[in-house]
Structures are given as C-alpha cells and as structure tokens.
Amino acid sequence: MIITIRDQVSSEERSQLAALLYQITGNARPTHSTIIEAREVIVLDDGQLDTEACTAIRNHSAVERIVQVRTPYQLVSAAFKAEKSIIQVGDASRGLPVSIGGDTQPVVIAGPCAVESREQLLETAQAVKAAGAQILRGGAFKPRTSPYQFQGLGLEGLQLLAEARELTGLPVITEVMEPEMVEPVAEYADILQIGSRNMQNFPLLFAAGRDSRRRPVMLKRGFAATIDEWLLAAEYIVAAGNPNVILCERGIRSFDTHTRNLLDLACIPLLRTLTHLPVIVDPSHGTGRRELVPTMSRAGIAAGADGLILEVHRDPNSALCDGRQSITPEQLQAVVHETHIINQLLGRKMLVA
Ligand code: PEP
Ligand code: MN
C-alpha cells in the first residue's frame with residue numbers, strides 16, 4: 001500500500017497516523033517513507049491488511065489517498081502510476097537535454113564500450129552525433145571478467161566524457177560500480193549506469209537513490225535476474241529518493257553459446273503492464289555479435305522500447321573491450337534510419353538530435 005500524506009499536515013496528525021500504522025502493522029512489517037513528485041508517501045507492505053485496517057488508514061485526516069499495490073514492488077508499479085514516466089536527461093547549461101520515456105520519443109544512446117583515449121572518444125562522439133544518436137555512452141570504470149583485461153581509464157575517462165559533451169552537446173552515460181563513486185561519477189555524467197553484474201548491489205542502488213543531484217539511473221537487468229528481481233532493484237533506487245530510473249534489457253544467460261546472451265524482447269511489452277518506468281534495449285550485450293545488432297535494434301523498437309543503447313567503435317576489431325559486438329558509425333547511421341522508419345510505422349515520432 002502507498003499512502004500519500006496531505007500537504008500541511010500537523011505534527012499531531014502525523015504522530016496519530018504513525019501510531020495507527022504501528023497498531024496495524026506492528027514491528028514485523030516496517031513502513032518506509034520517501035518523497036515522490038514533491039509529496040511525502042509512506043510505503044507499507046500490506047500483504048495481510050484487512051478491509052477495516054485499510055478503511056481506517058484511508059479515512060485518517062493526515063492521509064490524502066491510498067493506493068493498494070498487489071506486487072512486491074510498489075513505487076515503480078503501473079498500479080501506483082498509470083501514465084508512463086518521462087525521465088529528463090542532461091541540463092541545458094552543459095548540453096542538449098533529452099527526454100526518455102513517454103510514447104513519442106525513443107532515444108538512441110551510442111558510443112564505445114570503453115573510453116580508450118581522447119582521440120578515440122572525441123572522434124567517436126562526433127561520429128555518433130552525426131549518425132543521429134542523442135546520448136553518448138562510454139565506460140570509464142569497466143567491470144571485467146578477468147583482472148588482466150583493460151579496466152578503463154577511471155577519472156581520466158570521466159574527464160574525457162565531459163570534454164566530449166562540451167564538444168558535441170550530447171549528454172553522457174557511464175557506469176558506476178561502487179557506492180562511494182556515485183557522487184564523483186555524477187559530477188561528470190548525465191546518467192549513471194548500473195551494470196548487469198551490480199543489479200543487486202544494494203548499497204550501490206541505495207547510493208544512486210540518494211545521489212544529491214538525483215541523476216537519472218539506467219539499471220541494466222542482471223544476467224540471471226527475474227523481472228520481479230529487476231523491478232525490486234529499481235524500487236530500491238526510487239524508495240531511496242530518486243524516481244529517475246530507466247530500465248535496460250541487455251540479455252540473460254542461456255544454455256546456448258551462439259549468442260553471448262539471450263535478448264529477452266518479450267519483457268518489453270510485459271514491463272509496459274507492470275511498470276511506468278521507461279525501458280530501453282541493449283542489442284550489443286544482448287547478442288554479443290555485431291552482425292545481429294541492426295536486426296535486434298529494429299526488433300527492440302518494434303517491441304515498444306523507449307530507446308536503444310549501442311556499442312560503436314571506429315575500428316571494432318581493435319577495440320580494447322567488446323569489439324565483437326561493436327558496430328561502426330556508418331552502421332549506426334543505418335540503425336537510426338531504420339528506427340525512424342519503424343517509429344513512423346508505429347505512429348510514434350523520432351527525437352532528432
Ligand atoms: C556496459 O554496458 O558497458 C556493460 C558492461 O554492460 P552489462 O552491465 O550489461 O554487461
Ligand atoms: Mn561492453
């Protein structure tokens with residue numbers, strides 16, 4: 001249950017409500033309060049509440065309204081908010097702001113898997129912009145399977161991303177791997193990426209939720225995560241105070257080895273019924289093979305995704321990370337064009353950079 005508190009409620013009414021909730025739920029089912037769209041809300045795990053208890057809460061003078069949500073995730077649920085959330089990315093003082101979500105504007109996020117050098121990033125940033133992308137991606141801190149693989153340029157990578165934004169106007173997204181790095185990364189990035197391996201790193205989710213700038217967070221699906229686990233991970237960020245969450249389907253582990261992951265496109269229309277959060281698709285990690293990326297990009301948009309995130313390299317065969325799944329800027333241009341056509345067929349508009 002989500003309880004929205006009335007504006008200008010007195011402290012006496014507030015304590016009466018707290019006493020009522022304690023009486024109903026006891027210690028066993030803690031309440032959680034947060035701010036959503038400038039309104040205080042209290043979230044209650046209400047699996048067992050009877051009608052009488054619900055009526056008592058609904059009729060309390062401190063309460064504006066209650067919404068009963070029958071899923072474990074509450075604030076991110078479609079039951080709580082029927083209209084799709086639109087997440088504002090970027091800030092006019094340092095780039096071209098972009099919106100993600102809603103029915104009309106799928107975005108294309110593109111760039112290298114990893115920031116490798118100044119020249120590589122600036123050249124790629126200009127190329128992806130020219131190809132029609134609206135947001136630049138690039139990893140500065142890379143979660144690598146082996147400790148001997150390229151780990152990213154770290155702080156220097158963040159500074160290069162900021163320089164690329166300055167040059168092109170494109171907002172930038174980059175991964176953050178540990179809670180202590182949320183604030184430093186958010187100083188440079190316009191979107192914080194939480195990677196598949198960290199989807200259930202709860203201290204990291206909490207830190208991203210408490211980020212003082214409330215930077216949008218792109219939460220990638222864990223490669224062995226169920227949809228409910230993924231939505232509950234998003235709930236952590238929102239419950240901690242940051243409603244700006246974008247989900248990213250990037251494929252899950254399967255028994256087959258022809259593709260790196262199994263891109264679960266059925267989750268896109270399914271998530272539409274479960275959550276108001278925007279969902280984007282990553283066909284690069286979702287397939288691991290560049291020749292499959294254009295087709296799966298088209299499929300993702302046709303399935304109703306709010307955008308794509310694509311790995312692009314000027315010379316994929318020499319990339320320090322994930323070259324096998326990286327497309328060239330020329331191929332990106334074709335993907336953007338096809339995305340545009342599918343959007344028109346679906347009656348949606350395309351955001352032009
Ligand atoms: C990435 O997008 O850079 C990445 C590491 O992806 P994932 O977390 O989905 O593996
Ligand atoms: Mn990658």
Being under 15 Å from H32 (Cα atoms) and in contact with a strand residue (DSSP E or B) (Cβ under 8 Å, 6 or more places away or on another chain) is the filter here; which residues of the range 69-85 pass it?
V69, Y73, Q74, L75, V76
By residue number, the members of the range 13-27 that are in a helix (DSSP H, G or I) and not charged (D, E, K, R) are S15, Q16, L17, A18, A19, L20, L21, Y22, Q23, I24, T25
Considering the range 276-297 alone, what residues qualify as being of a type in the set (D, E, K, R) and under 20 Å from the mean Cα position of the chain (by Cα)?
D282
Can E249 be described as over 21 Å from I109 (Cα atoms) and within 15 Å of the chain's Cα centre (by Cα)?
no
Identify the residue in the range 288-325 that is within 18 Å of L121 (Cβ to Cβ), surrounded by fewer than 23 Cβ atoms within 10 Å (Cβ to Cβ) and among the charged types (D, E, K, R) and, among all such residues, is nearest to ligand 1 (Cβ to nearest atom).
D322
Scanning for something more than 20 Å from L308 (Cβ to Cβ) and either hydrophobic (A, V, I, L, M, F, W, C) or within 16 Å of ligand 2 (Cβ to nearest atom) (or both), does the range 94-105 turn up at least one residue?
no
The number of residues in the range 258-314 that are within 16 Å of ligand 2 (Cβ to nearest atom), without any contact (Cβ under 8 Å) to a residue 40 or more places away in the chain and in a helix (DSSP H, G or I) is 5
Select from the range 112-138 the residues that are more than 16 Å from ligand 2 (Cβ to nearest atom), part of a loop (DSSP other than H, G, I, E, B) and over 21 Å from I342 (Cα atoms) and list them in ascending order.
S117
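One line per residue, one yes/no per condition, for (1) in contact with a Ser or Thr (Cβ under 8 Å, 6 or more places away or on another chain); (2) surrounded by fewer than 21 Cβ atoms within 10 Å (Cβ to Cβ); (3) outside any helix (DSSP H, G or I):
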site	(1), (2), (3)
A56	no, yes, no
R70	no, yes, yes
L75	yes, no, yes
E83	no, yes, yes
Q88	yes, yes, yes
I100	no, no, yes
A110	no, no, yes
How many residues does the range 192-241 contain that are in a helix (DSSP H, G or I) and among the aliphatic types (A, V, I, L, M)?
12
Apart from one, (1) modelled with pLDDT under 95; (2) within 16 Å of ligand 1 (Cβ to nearest atom) all hold for R39; the odd one out is (2)
Within the range 242-256, does at least one residue satisfy the condition of being within 16 Å of ligand 1 (Cβ to nearest atom), over 18 Å from L277 (Cβ atoms) and outside any loop (DSSP other than H, G, I, E, B)?
yes
Boolean, P147 is part of a loop (DSSP other than H, G, I, E, B) and either without any contact (Cβ under 8 Å) to a residue 24 or more places away in the chain or buried (at least 23 other Cβ atoms within 10 Å of the Cβ) (or both):
yes
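The values are calculated or read from the model by the stated rules, or taken from the named source; none is laboratory data. Note that this is a predicted model, so its numbers are computed, not measured. Cβ: placed from backbone, ideal geometry, glycine included. Neighbour counts: every protein chain shown.
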